[in-house]
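Okay, structure first, notes after.
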Amino acid sequence: SATEINLHRHVCIMLIGLLFLGTGNEAPAWSSPGHNAIGMLAIERLQDDTRKRLADIVGPLNSTAISTACNWPDVIRDEDAWEWSKPLHYINIPRGNFSYRATRDCPDGLCATEAIKHYAAELANASNDREQRWQAFAWLCHLVADLHQPMHAGFADDRGGNDFEFTFDDETINLHYFWDRVLVEQHAGDWESLLKLLQSAPAPVLEPGWKPADVDGWTNESHALAVDAAYPPEEGINAAWEQQTWKIAFERINLAAARLALVIETLLTD
């Protein structure tokens with residue numbers, strides 16, 4: 001019912017508030033500041049007509065609504081009813097393979113790459129009810145961001161860098177957490193500051209129009225970064241490597257926002 005949906009959203013807003021306080025090493029991709037900034041920047045980049053159509057689904061496109069939607073898939077992932085959705089947040093490609101193959105890497109369709117295609121179709125389908133389309137937008141906002149984080153297109157054998165530990169600032173952390181949270185916190189701080197940095201950077205120039213097959217290419221890009229750039233050099237973390245990883249992370253966040261806007265534009269334009 002509408003009352004239950006509103007109650008669920010109210011709980012989500014409270015839980016997302018807790019996410020901002022920090023959550024140890026099992027952090028969501030880019031952490032909530034990254035998801036907020038990507039969602040807000042994508043909304044800014046929409047045409048007016050598209051923004052109106054999205055507002056019909058999401059409600060007023062303010063920071064609370066976007067934060068709630070774009071972080072919702074992380075809030076629900078530990079609920080029994082959504083346990084099945086955990087694999088949607090990443091895609092693993094076996095070592096020694098450099099391009100995504102659905103039959104090998106995502107045969108059941110439960111991975112970030114295929115979920116983006118699925119929820120794009122759900123958002124575009126005007127015969128779906130508003131709640132279905134709200135959830136589809138939430139998943140799209142979240143998973144486009146996730147997929148652009150290299151550790152979300154990494155390797156199963158170290159769980160996307162979760163099992164790869166090193167020392168940074170006298171603290172033992174894992175590589176997934178470093179990419180998700182530490183880089184953004186070190187160089188941008190909160191989501192408003194990150195958004196300001198992104199707004200002052202040039203928007204990536206993209207080909208007009210989006211098609212589902214494009215997501216395979218995004219997957220391959222992230223995986224290439226996981227292979228070539230995401231792991232620290234053998235002698236450990238140094239300032240040059242840390243600076244380089246921030247440069248990559250910032251570019252990926254900016255690109256995720258631009259691509260999310262393009263997807264929404266494509267889906268909600270007549």
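Please state which one of Ile43, Ile76, Ile57 is over 15 Å from Ala136 (Cα atoms) and of a type in the set (A, V, I, L, M). Reasoning before the result, please.
Details: Ile76 fails: over 15 Å from Ala136 (Cα atoms); Ile57 fails: over 15 Å from Ala136 (Cα atoms).
Residue meeting the stated conditions: Ile43.
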Checklist outcome for this item: Leu143 vs (1) crowded, with 16+ Cβ neighbours inside 10 Å; (2) part of a loop (DSSP other than H, G, I, E, B): all pass except (2)
Item to check | Identity of the residue in the range 89-99, part of a loop (DSSP other than H, G, I, E, B) and closer than 20 Å to Leu260 by Cα, that ends up nearest to the chain's Cα centre (by Cα) | outcome: Tyr90
Checklist entry - Within the set of pairs 6+ apart or on separate chains, which have a first residue in the range 201-216 that is over 10 Å from Thr266 (Cβ atoms), a second that is of a type in the set (Ser, Thr, Tyr) and not in a loop (DSSP other than H, G, I, E, B), and C-beta atoms under 8 Å apart? => result Val215/Thr113; Asp216/Thr113
Checklist entry - For Glu207, which of the numbered conditions (1) of a type in the set (D, E, K, R); (2) assigned to a loop (DSSP other than H, G, I, E, B); (3) surrounded by 12 or more Cβ atoms within 10 Å (Cβ to Cβ) fails to hold? => result (3)
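Every residue, every condition in (1) β-branched (Val, Ile, Thr); (2) open to solvent by 30 Å² or more (accessible area, probe 1.4 Å); (3) out of contact with any Ser or Thr (no Cβ under 6 Å at 6 or more places or on another chain); (4) not in a loop (DSSP other than H, G, I, E, B), yes or no:
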residue: His176; (1), (2), (3), (4): no, no, yes, yes
residue: Val182; (1), (2), (3), (4): yes, no, yes, yes
residue: Leu194; (1), (2), (3), (4): no, no, yes, yes
residue: Pro202; (1), (2), (3), (4): no, yes, yes, no
residue: Gly217; (1), (2), (3), (4): no, yes, yes, yes
residue: Ser222; (1), (2), (3), (4): no, no, yes, yes
residue: Tyr231; (1), (2), (3), (4): no, yes, yes, no
residue: Ala249; (1), (2), (3), (4): no, no, yes, yes
residue: Ala257; (1), (2), (3), (4): no, no, yes, yes
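Out of Thr68, Thr50, report the one residue that is in contact (Cβ under 8 Å) with a residue 40 or more places away in the chain, under 22 Å from Thr269 (Cα atoms) and surrounded by 18 or more Cβ atoms within 10 Å (Cβ to Cβ). First the steps, then the outcome.
Numbers: Thr68 fails: under 22 Å from Thr269 (Cα atoms).
Being in contact (Cβ under 8 Å) with a residue 40 or more places away in the chain, under 22 Å from Thr269 (Cα atoms) and surrounded by 18 or more Cβ atoms within 10 Å (Cβ to Cβ) holds for just one of Thr68, Thr50, which is Thr50.
The values are calculated or read from the model by the stated rules, or taken from the named source; none is laboratory data. In this text, all values refer to a predicted model and were calculated from it rather than measured experimentally. Neighbour counts run over all protein chains shown; Cβ positions are idealised from the backbone, glycine included. These accessible areas exclude ligands, DNA and RNA; they are computed on the full protein's heavy atoms, side chains included. Shrake-Rupley method; radii C 1.70, N 1.55, O 1.52, S 1.80 Å.
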